[in-house]
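The values are calculated or read from the model by the stated rules, or taken from the named source; none is laboratory data. Here the structure is a predicted model, which is why all the values come from computation and not from measurement. Cβ atoms come from the backbone with ideal geometry, glycine included; neighbour counts cover every protein chain shown.
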Amino acid sequence: MVSTPSAPPAPTEGLRARILIVDDSYMVAEMLSNFLGKQGCTISYALDGMAALEQVIQSRPDLIIADWVMPNLDGLELCRRLRQNPDHSWVYYIIMTAREGNDSMERALEAGADEFLSKPFQAVELMARVRAGLRIVELRRQQRQPQPTKPTPVAAASLGNRQQLAKVLPQRLQAARANRDPMSVFMLRVANLAQLQKSEPPELVKEILEEFGQRLTENLRDTDELFCYDEGLFVGLLSGTTLTAAQLAAERCIQRVAQKPFTVQNKTPEVHIQAGTASFEASDDPLGMTLLRRALQAMKDSSKQPGAIVISPGSSVESPTASQEELQEQLRSLQAQNFELRNRVAQLAHLEKENRYLKQQLQQLQAQLQAVKSDV
């Protein structure tokens with residue numbers, strides 16, 4: 001008979017949220033249950049990804065904390081499936097793993113995870129992620145509610161100006177400070193704007209910048225806020241986001257914006273894109289000026305690094321050929337095979353550990369038997 005982690009303690013005053021823990025380790029599930037239960041959360045369990053899909057339908061959690069490596073369905077694929085379902089796409093998803101490196105974090109965020117938590121982690125770090133996640137869930141719910149007025153275009157609603165940034169940024173900093181939540185900003189600019197202004201008509205440059213802002217708003221995450229700080233210079237506010245996650249979000253946004261050429265008035269000039277990020281610190285001033293200056297300095301410093309500026313194509317981009325699609329499919333297949341092999345290696349390592357333990361037990365028994373024979 002398979003046992004399950006014990007029921008969490010009765011919720012106390014504090015957080016009021018339904019959290020689903022997905023982990024095949026009883027010890028981890030028990031630890032998270034006891035800790036989050038004391039914070040006022042209602043906990044449910046699943047020991048693998050397939051069981052978690054059933055739990056999501058039954059309990060409709062606000063937030064999911066899932067391990068990456070699990071049998072049947074791993075945490076990465078579970079996240080992808082949830083994001084494909086509109087009924088569950090708003091659930092905040094935190095993926096846990098002992099993996100290290102930006103590559104693992106990028107894969108998790110590309111799959112749709114909201115946060116990446118490395119094992120082992122501290123209780124303070126976990127609660128910061130959970131509190132930020134629950135606030136974002138509430139924002140997502142409000143966005144999903146029908147609006148009484150006619151909706152405005154995404155770009156007009158999402159792109160603010162410098163005056164609006166001066167009003168909103170202090171509010172976001174105050175909330176982050178009060179709730180002890182992470183918050184980051186990214187600053188992004190058209191790096192070759194001066195060159196474009198010299199070589200192209202003003203009307204064309206204006207249309208490029210408008211198209212640039214439109215693409216940015218279309219490729220932001222639901223909870224990000226974007227403002228036009230100056231001509232060709234944009235500032236994004238990323239509430240509840242650590243510096244590393246902000247860097248990955250900015251890089252992903254830039255790559256998507258630059259994929260398609262900027263074709264205006266039958267011309268396709270190259271557009272160079274550069275970004276810098278900074279994270280909120282307790283010593284930052286209430287207006288956020290020091291935070292913006294760090295992001296600006298990070299953007300300037302990045303120009304010294306190779307590959308820091310992403311360039312959009314200067315000619316039309318053809319659709320992927322059949323051979324390219326086949327190569328992409330082969331790549332996905334190889335990645336899946338590699339993941340399976342890594343799982344097998346982990347299993348073999350576990351078996352090898354058990355084998356060493358059994359050998360030690362056998363040696364002890366042989367020694368005891370030899371001692372008995374000596375006594376006789």
- Note on the structure: Of the residues in segment 281-298, those that are touching a Leu at 6+ places or on another chain (Cβ under 9 Å) and buried (at least 21 other Cβ atoms within 10 Å of the Cβ) number 2
- Item | Every residue from segment 29-41 that is surrounded by 17 or more Cβ atoms within 10 Å (Cβ to Cβ) and among the polar types (S, T, N, Q) | 33, 39
- Task: Select from segment 69-106 the residues that are among the aliphatic types (A, V, I, L, M), at pLDDT 85 or above and over 16 Å from residue 20 (Cα atoms) and list them in ascending order.
- Result: 69
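For segment 34-48, does any single residue satisfy the condition of being at pLDDT 90 or above and either assigned to a strand (DSSP E or B) or outside the structural domain of residue 111 (by TED's automatic domain parsing) (or both)?
Narrowing segment 34-48 to residues at pLDDT 90 or above: none.
No: segment 34-48 contains no residue that is at pLDDT 90 or above and either assigned to a strand (DSSP E or B) or outside the structural domain of residue 111 (by TED's automatic domain parsing) (or both).
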- Task: Please work out which residue is farthest from residue 283 (Cα to Cα), limiting yourself to segment 202-222 and to residues that are without any contact (Cβ under 8 Å) to a residue 40 or more places away in the chain and over 19 Å from the mean Cα position of the chain (by Cα).
- Result: 202
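Which one of 195, 274, 255 is without any contact (Cβ under 8 Å) to a residue 40 or more places away in the chain and either outside any helix (DSSP H, G or I) or surrounded by fewer than 19 Cβ atoms within 10 Å (Cβ to Cβ) (or both)?
Result of the check over 195, 274, 255: 195.
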